[in-house]
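Structure first, then comments.
Computed from the coordinates by the stated procedures, all read-outs in this text should not be read as laboratory data. Fair warning: this is a prediction, and the values are worked out from it, not measured in the lab. We place every Cβ from the backbone using ideal geometry, glycine too, and count neighbours over all the protein chains shown.
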Amino acid sequence: MLADCFRIFTVISREGLKQFYRSKKKLSSVAFTISIFPALNYTYYMATKYTSRKLKNQGMNWIRPVKRLAIYMRDGLACVYCGSTIEGGAQLTLDHLKPYSNGGSNGAANLVTCCARCNSSRGNRSYRVFAATVAAYINHGATAAGIIAFVGKTTRRTLPLAAAADLIAARGGFVAACKA
């Protein structure tokens, strides 16, 4: 019994410390004590939350699925820069018009649907500068001014949140709702 308690505590504390030391960002922590016998106490420090904005918002967790789908629907399920669609095999993502790293918000007016190729190519450049680059490499007659105008028109549309919520409910989840 005592050996099992030590083994469980050792595994828990090793994993917690590994996560704590692997992180290069400042973590806030919580301490609690495990008492096996009155004379034998161990204090365990556990990382509870990230104080870094970047780590907190990694992956798809930074935006609700309903809002993500509503933005995709508002933009016609196509990349606002090059026009790639799901039917054409594009992997859609969301792009911040004013980059998040430069203080841009996660509001709908700052987010547009973008294919993974354009999103990774754009990097930290202004969407106006990037529109000229896209116009040069796509061959369907789009101009930089046309792409910029389309982005502006798209972001002024209202989000179809109710339609997105209904679609997710009807199809049983976000991934199923995004399939054609």
* Structure fact -> Within region 138-180, residues more than 22 Å from the chain's Cα centre (by Cα), buried (at least 16 other Cβ atoms within 10 Å of the Cβ), within 21 Å of N110 (Cβ to Cβ) and of a type in the set (G, A, S) come out as A144
* Asked: If you go through region 69-89, how many residues are of a type in the set (A, V, I, L, M) and touching a Gly at 6+ places or on another chain (Cβ under 9 Å)?
  -> 1
* Give region 121-132 a look and list any residue that's part of a helix (DSSP H, G or I) and surrounded by fewer than 16 Cβ atoms within 10 Å (Cβ to Cβ), or say none. => R128, V129, A132
* Asked: Picking from A131, A144, A136, which residue would you name as being within 22 Å of L77 (Cβ to Cβ) and not acidic (D, E)?
  -> A131
* Of all residues in region 109-120, count the ones that are in contact with a helix residue (DSSP H, G or I) (Cβ under 6 Å, 6 or more places away or on another chain) and surrounded by fewer than 20 Cβ atoms within 10 Å (Cβ to Cβ). => 1
* Asked: Taking the condition without any contact (Cβ under 8 Å) to a residue 12 or more places away in the chain, basic (K, R) and not in a strand (DSSP E or B), does R117 pass?
  -> no
* Working only within region 60-108, note down all residues that are of a type in the set (D, E, K, R), outside any loop (DSSP other than H, G, I, E, B) and buried (at least 20 other Cβ atoms within 10 Å of the Cβ). => R68, R74, D95
* Looking for whichever is over 26 Å from P160 (Cβ atoms) and among the aliphatic types (A, V, I, L, M) here; the options are V129, V80. Which one fits? => V129
